[in-house]
Structure formats: C-alpha cells, structure tokens
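Notes for the one structure printed next.
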Amino acid sequence: MVTLETGDGESLEPYPRRSRASEIDLKVGGAYRYIWRHTAKGTEMGLHGVFREIAPPGRLVHTEQFDQPWYPGEALVTYALIEQGGRTTLTCTILYDSRETRDTVLKSGMERGVAASYDRLDEILTEFVAN
C-alpha cells in the first residue's frame with residue numbers, strides 16, 4: 001500500500017482543486033482512494049475503488065465510486081495503452097451500471113474537466129520526455 005499525503009499537490013485539473021491524499025494498493029483485489037480539496041471552498045471530494053486487472057505495460061481495470069455519490073452504483077474503468085510508431089495512445093473506457101447513469105454523467109459537463117486533465121497530462125509528459 002502506498003499512501004501519499006500531498007498537501008497542496010500538483011493537479012491535472014485546471015480548476016482550483018488539489019490532491020490531498022492518495023492510497024494505492026496496486027495489485028488485483030487491492031484498493032485505491034483519492035481525495036481532492038477545492039482550495040477556495042475548502043470542500044473535499046473522495047473517490048475509491050478496487051483494481052480488477054493489472055496487465056503491464058498496457059492495461060489497467062478498476063472500479064470507481066465517489067464517496068458522496070452523484071450517480072448511482074459504481075463504474076468499471078478500463079485504461080489501455082497502445083504504442084504504435086513511437087507514440088503511445090491512452091484509451092479510457094468507462095462502463096456504468098445503466099444507460100440512465102451514463103446519461104447523467106454525460107449531462108454533468110464532466111467531460112470538460114476530464115479533457116482538460118488529459119491535456120495537462122500531455123503537457124507534463126511532453127516536458128518529461130524533453131528533459
């Protein structure tokens with residue numbers, strides 16, 4: 001189990017939100033938990049789940065559920081990393097318990113924050129490769 005208390009840690013999000021703590025037991029059946037704090041409001045948002053599949057270097061599957069659920073049930077998240085021609089593409093697929101839940105998430109505007117987070121990740125990785 002890895003536990004990180006990050007205080008005012010680096011965030012991939014363009015919003016005034018910073019990771020505060022992370023707990024990661026990176027093994028099949030292991031759990032994870034992330035907590036973010038909104039720096040201006042002082043509110044927190046927690047997310048947790050269980051790793052279902054870990055297949056390095058290209059596949060990770062885990063469940064996902066918010067501590068204060070804003071949609072019912074849990075989601076199943078699959079990350080796939082595919083390298084081709086010197087470039088790696090990350091694909092994230094999220095399977096929700098129902099079509100209604102999926103529609104609720106899509107209507108929430110969450111995709112804007114997710115897209116901005118992936119853009120920020122791309123910047124960080126580009127900087128990393130350059131150095």
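The values are calculated or read from the model by the stated rules, or taken from the named source; none is laboratory data. Everything numeric here is computed off the predicted structure, so don't read it as measured data. Positions of Cβ are generated from backbone atoms using ideal geometry, with glycine treated the same way; all protein chains shown enter the neighbour counts.
Looking only at residues in the stretch 26-44 that are of a type in the set (Val, Ile, Thr) and over 13 Å from residue 62 (Cα atoms), which one is nearest to the chain's Cα centre (by Cα)? So the residue we want is 35. Within the stretch 72-93, restricting attention to residues that are at pLDDT 95 or above and either of a type in the set (A, V, I, L, M) or under 15 Å from residue 46 (Cα atoms) (or both), the residue that is surrounded by the fewest Cβ atoms within 10 Å (Cβ to Cβ) is 82. Remark: pairs (first residue in the stretch 74-93, within 16 Å of residue 55 (Cα to Cα); second residue in a strand (DSSP E or B) and among the acidic types (Asp, Glu); Cβ separation under 7 Å; 6+ apart in sequence or on different chains) = 77/64. The set of residues from the stretch 120-131 being part of a helix (DSSP H, G or I) and without any contact (Cβ under 8 Å) to a residue 60 or more places away in the chain comprises 122, 123, 125, 126, 127, 128, 129, 130. Quick check on my filter: what residues within the stretch 94-131 are among the hydroxyl-bearing types (Ser, Thr, Tyr), under 13 Å from residue 71 (Cα atoms) and either within 17 Å of the chain's Cα centre (by Cα) or surrounded by fewer than 11 Cβ atoms within 10 Å (Cβ to Cβ) (or both)? Correct list: 96, 108.
Let's see how each residue does on (1) under 23 Å from residue 98 (Cβ atoms); (2) modelled with pLDDT under 90; (3) surrounded by 14 or more Cβ atoms within 10 Å (Cβ to Cβ):
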site: 9; (1), (2), (3): no, yes, yes
site: 19; (1), (2), (3): no, yes, yes
site: 33; (1), (2), (3): no, no, yes
site: 40; (1), (2), (3): no, yes, no
site: 48; (1), (2), (3): yes, no, yes
site: 64; (1), (2), (3): yes, no, yes
site: 70; (1), (2), (3): yes, yes, no
